[in-house]
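The values are calculated or read from the model by the stated rules, or taken from the named source; none is laboratory data. Keep in mind the model is a prediction, meaning the values are calculated, not measured. Quick reminder, even Gly has a Cβ in these numbers, built from the backbone with ideal geometry, and neighbours come from all protein chains shown.
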Amino acid sequence: MADLSESSVEIIPHDPEFIPPENAQVRALEALRTFVADGDECAKWGEDYVQVIGLLRSEDQAIVCPHCQEKTFLDKGDVFCLGEELFSAPPTDIPFIMPCCGAELPMSSVGFDPIVGFAQFGLRISNTNRTLSFEQIKKLGEILGCALTQIQLSDGVSVGPEPDA
């Protein structure tokens, strides 16, 4: 986990296990640096297993079932238990039974609202309070060869791996 003094943005593949070739990672990082303001720090990171990216919220956290699309709000106790589970093993290895339809899915396939993501590779912009435009995300996705999601993290804490720079 990285403790950041400001907000940050994580840009991760839709497929949590996708890792682009190294040359694509370098080109994407170079492009990202052209998209951000001076003072914003850009980095790429990669891990041996899928990481949790984002923060679970105790007040308004919901999960969205990829099987039936039902949205279920979680109470504080459920969020606490879920948070403990997410850090006990890689999210791709944690089975989760959806409360809406009973489907058993890997935790990494469950949708979260507000967004919590899962990734083995990502790009990070630190010390920023802005997000990238749709066009910028699309361009980075073309370079990396995958669809991307951005997650804005605030409150000075980023849950995820340390960047490679």
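Among the residues that make up the range 123-131, is at least one of them assigned by TED's automatic domain parsing to the domain that holds Val26, of a type outside the set (D, E, K, R) and at pLDDT 90 or above? Yes, the range 123-131 has at least one match. Only one of the listed residues (Met98, Met107) is in contact (Cβ under 8 Å) with a residue 24 or more places away in the chain and outside the structural domain of Glu17 (by TED's automatic domain parsing). That residue is Met98. Considering the range 79-115, and only residues there that are among the aliphatic types (A, V, I, L, M) and in contact with a helix residue (DSSP H, G or I) (Cβ under 8 Å, 6 or more places away or on another chain), the residue that is farthest from Ile137 (Cα to Cα) turns out to be Ile94.
Just one of the listed residues (Ser108, Ser58, Ser88) is of a type in the set (Ser, Thr, Tyr) and modelled with pLDDT of 85 or more, namely Ser108. Of the residues making up the range 38-52, none is of a type in the set (Val, Ile, Thr) and over 14 Å from Phe121 (Cα atoms).
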